[in-house]
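The values are calculated or read from the model by the stated rules, or taken from the named source; none is laboratory data. Owing to the predicted nature of the structure, the values given are computational and were not obtained by experimental measurement. In this analysis, Cβ positions are derived from the backbone assuming ideal geometry, glycine residues included, and neighbour counts consider all displayed protein chains.
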Amino acid sequence: MTARSASVSRHTLETRIDVKIDLDGTGAARFATGVPFLEHMLDQIARHGLFDLDIVAEGDLHIDAHHTVEDIGITLGQAFARAVGDKKGIRRYGHAYVPLDEALSRVVIDLSGRPGLVWNVPFTRAAIGQFDVDLFAEFFHGFVNHAMVTLHVDNLRGENSHHQAETVFKAFGRALRMACEPDDRMAGITPSTKGTLTL
C-alpha cells in the first residue's frame, strides 16, 4: 500500500495551524497548541487510532480557545482527507463503543464524502478545568466539514465530564481507524454503489 500521510498548514489572522498525519503509524504524537486538555484528547485519537499526529498551533488564546480548537479540527480534517486519498480498498465505515468507569460513548463514522455531524453529548458540567466543553462540538464540526465524513457521536451515560470527553475521543480514534483500514476483499474497489466517495 502506498504511504497514507499528509501535511497541511492553515494560517489565518486568528490562528496558525500545522498538522502532519500518518494513518499507518504507531500512535506517536507531538502537540504544541497552548490548549492542554485538547492535547490530552488529541492524544487519545493518535493512540487508539494508531495514527502518528504532529500538531502545532498558535492562536488568539488571549481571547479564548474557540478559534484555535475549531481551526485544529478544520486542519486535521483537511490532512485526513488528503491522507486517506481516493478511499479505494478501505472499509469506509467504522464504529466503536468505549467505556471509562461510569461513562460510555459510541462513535459511528462513514467516510462518505458528505459532511455531517450528529452530536449528542450531554456534558454534566460546562468546563473541564479551564476548557469550555462547547468547543468539542466546534472541533468535530470543523473536522467533518473538511474531512468530508458523516459522524455520529453519542455519550450514552456518564457523570464525570472528563470521563465523558475521554470516551468520546477514544471511540472516535478507534472508529476512524476501523473506517480507513484496508479491506482485502475490497482491494482496488471504491466501497460505494456510485463508484465514488467524493462530492
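Brief remarks follow.
- Scanning segment 8-19 for residues that are assigned to a strand (DSSP E or B) and touching a helix residue (DSSP H, G or I) at 6+ places or on another chain (Cβ under 7 Å) gives Val8, Arg10, Thr15, Ile17, Val19.
Quick grid of which residues meet (1) polar (S, T, N, Q); (2) at pLDDT below 95:
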site: Gly27; (1), (2): no, no
site: His66; (1), (2): no, no
site: Gln78; (1), (2): yes, no
site: Arg82; (1), (2): no, no
site: Asp86; (1), (2): no, yes
site: Asp110; (1), (2): no, no
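- Of the strands (runs of 3 or more DSSP E) lying entirely inside segment 84-157, the ones with 1 or more residues being hydroxyl-bearing (Ser, Thr, Tyr), touching a residue at least 24 places away in the same chain (Cβ under 8 Å) and closer than 28 Å to Asp183 by Cβ are found at 93-100, 103-110, 150-157.
- Of everything in segment 25-36 that is over 15 Å from the mean Cα position of the chain (by Cα) and either surrounded by 15 or more Cβ atoms within 10 Å (Cβ to Cβ) or of a type in the set (D, E, K, R) (or both), the residue that is nearest to Ile63 (Cα to Cα) is Val35.
- Just one of the listed residues (Arg4, Arg47, Arg10, Arg16) is closer than 20 Å to Asp64 by Cβ and surrounded by 17 or more Cβ atoms within 10 Å (Cβ to Cβ), and it is Arg10.
- Output for segment 63-74, where each listed residue is of a type in the set (Gly, Ala, Ser) and outside any helix (DSSP H, G or I): Ala65
- When segment 22-55 is filtered for residues that are touching a residue at least 60 places away in the same chain (Cβ under 8 Å) and over 27 Å from Pro99 (Cβ atoms), only Asp22 remains.
One line per residue, one yes/no per condition, for (1) over 22 Å from Met148 (Cβ atoms); (2) outside any loop (DSSP other than H, G, I, E, B):
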site: His40; (1), (2): yes, yes
site: Gln44; (1), (2): yes, yes
site: Ile55; (1), (2): no, yes
site: Leu61; (1), (2): yes, no
site: Leu76; (1), (2): no, yes
site: Ala79; (1), (2): no, yes
